[in-house]
Amino acid sequence: MTPLIARRTPRRWRAATLGGVLSAALLFGGCSGTSTTDSHGPAVPARPATIRVPAQAATINAALARARPGDLVLVSPGVYHESVQVRTDRVVLRGTDRNRVIIDGQVRRSNGIVVTAAGVSVENLTVRNHLLNGVLVTGMSDADGGLARGSDGYQHLDPARFPPLDGFRVRYVTAHANGLYGIYAFNARHGVLDHNYASGSADSGLYVGQCKPCHVLVQDNIAERNAIGYEGTNASGPIWVLRNRFARNRVGMTIDTDYQEAYVPQTGGVVAGNLVSDNNAPDTPEQADGGFGIGVGIAGGQHNTLLRNRVSGNSRAGIVLASHEDVPPLGNRLEDNTLSANAVDVTYQASARAPGQGNCLRGNTLRRTLPADLSRTAPCPRGNSRTSTAPHTRTAPPPVGIPFVDVPAPPGQPQLPHARSAPATPALHLPGDVHPDRIPLPAPDLLATRPRQEATAR
């Protein structure tokens, strides 16, 4: 018997010490970012500078080494073989062409971009072929870079030592063939992930973890051909996952509690207007858990709302509600979702050790649940009584996955508008107003027809 959701075994790693920053040459006139003085008054801060790579700095790291808060590091097309580290607050790192500005790890370097400063925006470029992460945004860092999870054993959060990173944005980024996560926000809050594309991740394409409250918006992204499309572990509300396409992964998305991270339990997320379909693709990297054929998995998650999502074509289950160790699923609401062509539309798997309570279903379009009377016994707003149930569903072993580097490269993706000329906008005061109540049920082709393009940005 293979369970519908299996928890992953502990994964231990550490973001490798990034390459040294090259010495910076003097900037051309007007790009120094230093203060100016005259005989009539105090120093006046210079306007934000634009530092161009490679015209004014030979490497991305060289440009970042001399960037000041508010500056724009603008990268021209090319393949860059460096692990990039952003340590200056409020810097914007942007490619002029999303599909031709490529940070390539050559399956040798650990991380593509590591952000350990507040208010940073990473935009309009591609990160590929890294052993760990394409883009890592984290408040857990030391002098060597982002720690995330330590290779010497997982380090639980010490809030005094590792306060959350405050303010981040990753947008119009393509993350392909990275050994763990495509885009990974960990111990970071007040951020936005939008218009990204993630594929070929051996763990998850998009990940938000260890924040409470998060104040994070995940919107208008595509994650396909990953082990998991999106993962939110110990990521508690307010957090919104809106209008994304999670398709052709092994598992579409998970919302879960995990003792490997701080802030147990996960609670209070909103998942609305997403397409979660056909998550049974064999030509994907295989995660250690062996999860396969699941649309949405909630394991130990509490008081989350799934609203007007379209969940279809998942070969084991559309939505799974389960316990995690001694953490029960509590108060989760499934409302106005459309489920079709799943082996089971909704299955409830709370354990005897951690029986759930208050989970409810209302207004969903569905065909089959386990238990069969789940809609009747778990109506909104009251939800189900304190109970456990673990259907013994026999399933075939999942197909063997493929190496992450063997996942085909995606087609060209849409550009950030006016990438060459738009002013730098640091990631401050995010995510702003969010209105999940206005998000409609998505069409079956949500984002599938989003124009792919190889043209350069305007």
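Remarks
- Being more than 10 Å from the chain's Cα centre (by Cα), surrounded by fewer than 24 Cβ atoms within 10 Å (Cβ to Cβ) and either in contact (Cβ under 8 Å) with a residue 40 or more places away in the chain or not assigned by TED's automatic domain parsing to the domain that holds V91 (or both) is a property that holds for H195.
- When restricted to residues that are among the small types (G, A, S) and crowded, with 18+ Cβ neighbours inside 10 Å, the range 71-98 contains 2.
- Pairs, first more than 16 Å from I294 (Cα to Cα) and in contact (Cβ under 8 Å) with a residue 12 or more places away in the chain in the range 332-355, second among the charged types (D, E, K, R) and not in a strand (DSSP E or B), C-beta under 8 Å, six or more apart: E335/R308; D336/R308; R353/E325; R353/D326; A354/E325; A354/D326; P355/R386
- Unique match (being outside the structural domain of R169 (by TED's automatic domain parsing), at pLDDT 95 or above and either within 21 Å of R169 (Cα to Cα) or hydrophobic (A, V, I, L, M, F, W, C) (or both)) among G269, G318, G300: G269
- Qualifying residue in the range 99-108 (condition: more than 20 Å from H195 (Cα to Cα), touching a residue at least 60 places away in the same chain (Cβ under 8 Å), surrounded by fewer than 24 Cβ atoms within 10 Å (Cβ to Cβ) and small (G, A, S)): yes
- Residue count for the range 245-282, restricted to those that are in contact with a Pro (Cβ under 9 Å, 6 or more places away or on another chain), assigned to a loop (DSSP other than H, G, I, E, B) and among the polar types (S, T, N, Q): 4
- Selection of strands (runs of 3 or more DSSP E) fully inside the range 1-111 by the criterion of at least 1 residues being at pLDDT 50 or above, of a type in the set (S, T, Y) and farther than 21 Å from V135 by Cβ returns 50-53.
- Residue within the range 246-253 that is under 11 Å from the mean Cα position of the chain (by Cα) and touching a residue at least 12 places away in the same chain (Cβ under 8 Å) present: yes
- Conditions (1) of a type outside the set (S, T, Y); (2) in contact with a strand residue (DSSP E or B) (Cβ under 8 Å, 6 or more places away or on another chain); (3) surrounded by fewer than 17 Cβ atoms within 10 Å (Cβ to Cβ): number failed by P397: (2)
- Only residues that are of a type in the set (V, I, T), under 18 Å from V311 (Cβ atoms) and modelled with pLDDT of 90 or more were counted in the range 365-394, giving 2.
- Number of positions in the range 368-390 that are farther than 15 Å from Q349 by Cβ, in contact with a strand residue (DSSP E or B) (Cβ under 9 Å, 6 or more places away or on another chain) and not basic (K, R): 6
- Cβ-Cβ distances below 9 Å connect the following pairs, each with a first residue in the range 368-380 that is in the same structural domain as G358 (by TED's automatic domain parsing) and closer than 15 Å to N337 by Cβ, a second residue that is outside any loop (DSSP other than H, G, I, E, B) and of a type in the set (D, E), and a separation of six or more residues or different chains: C380/E335.
- Matching residues, the range 143-196, being closer than 14 Å to L132 by Cβ, small (G, A, S), assigned to a loop (DSSP other than H, G, I, E, B) and modelled with pLDDT under 95: A148, G150, S151
- Members of the range 242-291 that are closer than 23 Å to T338 by Cβ and among the polar types (S, T, N, Q): N244, N249, T254, N274, S277, N279, N280
- Hey, G205 in the same structural domain as V120 (by TED's automatic domain parsing), outside any loop (DSSP other than H, G, I, E, B) and among the small types (G, A, S) or not: yes
- Residues (assigned to a strand (DSSP E or B) and under 18 Å from V127 (Cβ atoms)) located in the range 208-227: V208, V218, I222, A223, E224
- Members of the range 211-232 that are on the phi < 0 side of the Ramachandran plot, of a type outside the set (A, V, I, L, M) and crowded, with 24+ Cβ neighbours inside 10 Å: C211, C214, N221, E224, N226, G229, Y230, E231, G232
The values are calculated or read from the model by the stated rules, or taken from the named source; none is laboratory data. Quick caveat: nothing in here was measured; it's all calculated off a predicted structure. Every residue, glycine as well, gets a Cβ built from its backbone with ideal geometry; the counts of neighbours run over all protein chains shown.
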